[in-house]
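One structure is given below, encoded as structure tokens.
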Amino acid sequence: MESLLANGSARVSISFQSLTYRREILNGGLRFGPRYLSNSIPMSSGFSSLRCTYSPNNKENISAGSVTHAKEIDELIHAEEVKQWESGKSVNDIAAKQGITIRRSCRPAPPAGGGMVPTNILEQIIWDKEVEVIQSKQRMPVKTVEGLIKDAAPTRDFIGALKQSYLRTGVPALIAEVKKASPSRGILRENFDPVEIARTYEKNGAACLSILTDEKYFKGSFENLEKVRKAGIKCPLLCKEFIIDLWQIYYARAKGADAVLLIAGVLPDIDIKYMLKTCRELGLTALIEVHNEREMDRVLRINGVQLIGINNRNLETFEVDISNTRKLLESRIQMIQEKDITVVGESGLFTPDDVKFVHDSGVRAVLVGESLIKQEDPGLAIRGLFGKDISN
Ligand SMILES: O=C(O)c1ccccc1NCC(=O)[C@H](O)[C@H](O)COP(=O)(O)O
């Protein structure tokens, strides 16, 4: 393993965070708390101040921290993926064994792609993201991000806000998406002021907001996330990004996110586990997105998952079918309730009947973009979507 890492394989350091993590553990980094990436930094200084000041979801982290930590470390060190990697399998082969078809290309810099051609838009997005992250890390090393986090405001309780809203309204809590464009729909709104839209959503009953930060495909930005956070909006914020590297999670926290999106169709189990652990340490909620039954079953086997999003959009083909939510929930709803997991229905929701359909299937929150953002008055659009005023 050391020799692979020593060869400086970008693929290793960018794709399987936990393998780098394992090296840090074996080198004794554990004594200082989590370290990450080859240019990792000790997180001992002010580490506890990076946590959420108020979040019922973080009780476990605070009360039984060291036992949980040791168990998690042990699980990561002995993960099946690590054994497969040490026996010579590539990260793409290991991911494929979990049903993940999105490959990593890990081009050191564009346009050297090693002859690989992306098979779909999601793979293209991920390959571009790999390059973007490498460049971002060069511009802003992790130490700098850590400094920003120390000055950042505490995170807010994302799942708590969803649960409260559901109890108050009796309809799925709304995560309203602040999104200017998307690959499948192009420009959704010309006149796009993220703060004004966020305020309108909050005023009209949104429990949480989802802020797109990807620039190339969604015309979003981390600046938008930061602006919304600094504008005094109380709704907890999801950083809607294609996360493939821990650096992005730290950066999202620094820019004001309360939650981040982890896509099971892109991340192998070992990355999800490691990223979940990092989220807990930073006081962030992880919304883990699945699209098919295999992804759902993988995620349900991971300890500590509290929030699952079922995307009705196939991100490889753009096909949208809201019956996907029912298909994934129907034989699993009991287990999900027993584990106290909150399920979010995502994409393709336009009418009160659509909302009722996913509600009846078991979701307690919905993530909605297009049907709100395209309307002249996104506040009125919320009333239209639920068939009633959900603001009080
Ligand atoms: O929406 C796309 O075109 C897209 C393409 C590739 C990756 C992700 C994509 N969208 C993310 C989402 O699924 C949606 O932004 C979100 O669930 C809201 O969906 P909608 O209400 O249909 O806008």
Ordered by number, the trypsin sites (Lys or Arg not before Pro) in segment 328-392 that occupy a DSSP loop and have at most 15 other Cβ atoms within 10 Å are 339, 374, 388
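Relative to the present Cα-Cα distance, how much length would full extension add between residue 139 and residue 215 at 0.36 nm per residue of separation?
On the way: separation 76, 0.36 × 76 = 27.36 nm, distance 1.68 nm.
So the chain would gain 25.7 nm between residue 139 and residue 215.
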For residue 210, residues with placed amide H under 5 Å, excluding near neighbours = 176, 177, 178, 238
Determine one quarter of the surface area of the Cα convex hull of segment 219-295, which equals its mean projected area, and express it in nm² to one decimal.
-> 5.4
Compute the separation of the alpha-carbon centres of segment 185-230 and segment 274-323 and state it in Å as a whole number.
-> 22
So who's got an amide H within less than 5 Å of the one on residue 220, skipping anything under 5 residues away but keeping other chains? H placed 1.01 Å off N, in plane.
-> 214, 215
Counting only DSSP loop positions in segment 287-392, the GluC sites (Glu not before Pro) whose Cβ has at most 12 other Cβ atoms within 10 Å are 319, 330, 376
Over all viewing directions the Cα convex hull of segment 259-357 casts an average projected area in nm² of 6.4
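Residue 77 to residue 340: extension gain in nm, 0.36 nm per residue of separation minus the Cα-Cα distance?
91.9 nm
What value in Å³ per residue do you get for the convex hull of the alpha-carbon atoms in segment 95-207?
Enclosed volume per residue, from the Cα hull, is 211 Å³.
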Identify the trypsin sites (Lys or Arg not before Pro) of segment 207-236 meeting these criteria: DSSP loop state and at most 13 other C-beta atoms within 10 Å of the C-beta.
-> 216, 234
What is the spin-label model distance, in nm, from residue 383 to residue 167 if the labels are put 7 Å beyond Cα along the C-beta direction?
-> 2.8
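So between residue 87 and residue 223, what do we pick up on full extension, going 0.36 nm a residue minus the alpha carbon distance?
Using 0.36 nm per residue and subtracting the Cα-Cα distance, I get 44.7 nm.
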Of every Cα-Cα pair in segment 158-386, the percentage lying beyond 32 Å is 10
Cα centroid separation, segment 131-150 to segment 90-105 (Å) | 26
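Laboratory data are not the source of any read-out in this text; all were calculated from the coordinates shown. Here the structure is a predicted model, which is why all the values come from computation and not from measurement. Positions of Cβ are backbone-derived with ideal geometry, glycine not excepted, and every protein chain shown enters the neighbour counts.
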